Amino acid sequence: MSALFAIIVFCAFAALLLAAFAPYIRRCAGGGVCTSNARLNGKTILITGANTGIGKETAWELARRGARVILACRDLTKAEAAAHEIREDTGNKHVIVRELDLANTRSIYQFAENIIKEEKLINILINNAGVMMCPFMKTEDGFEMQFGVNHLGHFLLTYLLLDLIKRSTPARIVNVSSFAHTFGRINFKDLQSEESYDGGQAYCQSKLANVLFTRELAKRLKDTKVTTNSVHPGCVKSELIRHSSVMSLAWKVLSFLIKTPKQGAQTSIYCAVAEELQATSGKHFSDCSPAFVAPQGRNDETARKLWDVSCKLLEIRWD
């Protein structure tokens, strides 16, 4: 009984200690902050999935800096509400919403066609939208949802908008990836997870694909004034974990270690505006600093093969 009592006392003391230091731990866990004061007047920025989470916070900050911001979202009701809030908060009336469903190539083609007709410039493209650890399901075109949305959807969108982006130089493309790429492998024998499906592995594969896409795209943009970098936003409290009860529970238990959406958006903002990154391309960032890339994320052969396979799946030619 005395041993049990001692354990209870120890746990209670640890809990109190943790509660006392939680604000300091949270502050440290918040990570880097973008300190650039760069203004974006006259610039046009397109952000996918900008109606919530880090996408919304990124849109808010870039609108505050004077940019024309396009929220590219599937849910127009949420997007219009977010745009209204951003306009009211920042005083920037040039925040608009356009419909985009990254799980449907027809929607991506229509969206890109409309943007090219409507916009003179796209100075910054932030490929932010994503799904995480969802049950097995397919996009409208038959792709596994996470690989289809997180990688193929943004791959196609970037391809369709690239000429406009090149005409808007200097320009930047920011791909939101994750540290989860470290645990990913590109399974070329079963890219669509039809033989077996693990939500976590499929997510990690899609995030690795983001890193490899960034690496290969940077090489192909070498002689242009368009740069591209990928980012790890950190562990962020957002709607992204809605499909995973395990992750939701972990997020609640470890809430003091989880970034807010505003904190999670800092590296995307940094890669979009930092003056010192004007000529930096093909790199990976976290907490507004260069970050570790797993060996499989530095494999040029895999990056080229993934590029070719992606083009084949999407039935496009991107030399």
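The values are calculated or read from the model by the stated rules, or taken from the named source; none is laboratory data. Values in this document were obtained by computation on a predicted structure and should not be read as measured data. We place every Cβ from the backbone using ideal geometry, glycine too, and count neighbours over all the protein chains shown.
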Exercise. Of the residues that sit in the stretch 128-137 and are more than 30 Å from Thr224 (Cβ to Cβ) and touching a residue at least 12 places away in the same chain (Cβ under 8 Å), which one is surrounded by the fewest Cβ atoms within 10 Å (Cβ to Cβ)?
Worked result: Pro135
For this session: Would you confirm whether any residue within the stretch 204-219 is over 30 Å from Asp163 (Cβ atoms), of a type outside the set (A, V, I, L, M, F, W, C) and at pLDDT 95 or above?
Result: no
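Being of a type in the set (A, V, I, L, M, F, W, C) and more than 19 Å from Ser177 (Cα to Cα) is the filter here, so list the residues in the stretch 120-142 that pass it. Write out each step before concluding.
Initial filter on the stretch 120-142 (of a type in the set (A, V, I, L, M, F, W, C)): 121-122, 124-126, 129, 131-134, 136-137.
Correct list: Leu121, Ile122, Phe136, Met137.
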Seminar exercise, completed: Going through (1) touching a residue at least 24 places away in the same chain (Cβ under 8 Å); (2) not in a helix (DSSP H, G or I) one by one, Ala82 fails only at (2)
Exercise. What tally of residues in the stretch 100-121 results from selecting those that are outside any helix (DSSP H, G or I) and either within 18 Å of the chain's Cα centre (by Cα) or free of Cβ contacts under 8 Å to residues at least 24 places away in the same chain (or both)?
Worked result: 4
Exercise. Quick one: is Arg317 of a type outside the set (A, V, I, L, M) and in a loop (DSSP other than H, G, I, E, B)?
Worked result: yes
For this session: For the stretch 152-168, state whether one or more residues are within 27 Å of Thr44 (Cβ to Cβ) and either in a strand (DSSP E or B) or modelled with pLDDT under 95 (or both).
Result: no
For this session: Return a yes/no flag: does the stretch 144-166 have any residue that is closer than 28 Å to Cys204 by Cα, surrounded by fewer than 22 Cβ atoms within 10 Å (Cβ to Cβ), hydroxyl-bearing (Ser, Thr, Tyr) and touching a Leu at 6+ places or on another chain (Cβ under 7 Å).
Result: yes
For this session: Go through (1) in contact (Cβ under 8 Å) with a residue 40 or more places away in the chain; (2) out of contact with any helix residue (DSSP H, G or I) (no Cβ under 8 Å at 6 or more places or on another chain) and name the single condition Asp190 misses.
Result: (1)
Exercise. Given the residues Leu76, Leu62, Leu125, which is the only one that is buried (at least 22 other Cβ atoms within 10 Å of the Cβ), of a type outside the set (Gly, Ala, Ser) and within 30 Å of Gly199 (Cβ to Cβ)?
Worked result: Leu125
Seminar exercise, completed: In the stretch 278-298, residues that are buried (at least 19 other Cβ atoms within 10 Å of the Cβ) and in a helix (DSSP H, G or I) total 1
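Per-residue answers, yes or no, for (1) farther than 19 Å from Val131 by Cα; (2) loosely packed, with under 14 Cβ neighbours inside 10 Å; (3) of a type in the set (A, V, I, L, M, F, W, C); (4) touching a Pro at 6+ places or on another chain (Cβ under 7 Å):
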position: Ala72; (1), (2), (3), (4): no, no, yes, no
position: Thr90; (1), (2), (3), (4): yes, no, no, no
position: Lys93; (1), (2), (3), (4): yes, yes, no, no
position: Ile96; (1), (2), (3), (4): yes, no, yes, no
position: Glu99; (1), (2), (3), (4): no, no, no, no
position: Asn104; (1), (2), (3), (4): no, no, no, no
position: Gln110; (1), (2), (3), (4): yes, no, no, no
position: Asn114; (1), (2), (3), (4): yes, yes, no, no
position: Glu119; (1), (2), (3), (4): yes, no, no, no
